[in-house]
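Have a look at the structure below, then the notes.
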Amino acid sequence: MTDRSDETPEKTAAGGPSPLALLRAAREQLVELTGLYPESLPRLERTDDGWLLEAEVVELERVPETMSLMALYEVTLDPDGLLTGYRRLRRYERGRSDRR
């Protein structure tokens, strides 16, 4: 049996969802709506209306893997962690770095 006493609680002291719970909920909802599984969630930010996060997904797997087509999605959540919207921000090949 696993000791779970040191895991992050699902609710914060203020009663809202913990950041970990928000990320899990957003990921599950995005998968259910799009069928795309986030490989990473590089951004989580509190907004006036709830939460904003970004999810990086594989849109098209290719061989070699470095040629797979990736996408970055913006996901909005209400204060309780329910998905209120999403949109694709950009697409790129996995092996390409940003031109910044």
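Whose amide H sits under 5 Å from the amide H of Glu59, counting only residues 5 or more places off or on another chain, with H placed in the peptide plane?
Leu69, Met70, Ala71
What is the antiparallel percent of DSSP beta bridges lying wholly in segment 15-94, to the nearest 5?
Taking every DSSP beta bridge within segment 15-94, about 100 percent pair in antiparallel fashion.
Determine ³J(HN,Hα), in whole Hz, for all residues of segment 34-46 in sequence, where each value follows from phi through the Karplus function 6.51 cos²θ - 1.76 cosθ + 1.60 and θ = phi - 60°; x replaces Gly and Pro.
Karplus-based 3J(HN,Hα) across segment 34-46 equals 10, x, 9, 9, x, 8, 8, 10, x, 9, 9, 9, 6 Hz.
Just the number please: accessible area per residue for segment 26-100, 1.4 Å probe, all protein chains included, in Å².
The answer is 69 Å² per residue.
Residues with amide H under 5 Å of Ser18's amide H, sequence separation 5 or more or different chain, H placed in the peptide plane at 1.01 Å from N; which?
Lys11, Thr12
The values are calculated or read from the model by the stated rules, or taken from the named source; none is laboratory data. Since the structure is predicted, the reported quantities are computational estimates derived from the model, not experimental observations. Just so you know, the surface numbers come from the protein's heavy atoms only, side chains and all, with ligands and any DNA or RNA stripped out. Shrake-Rupley method; radii C 1.70, N 1.55, O 1.52, S 1.80 Å.
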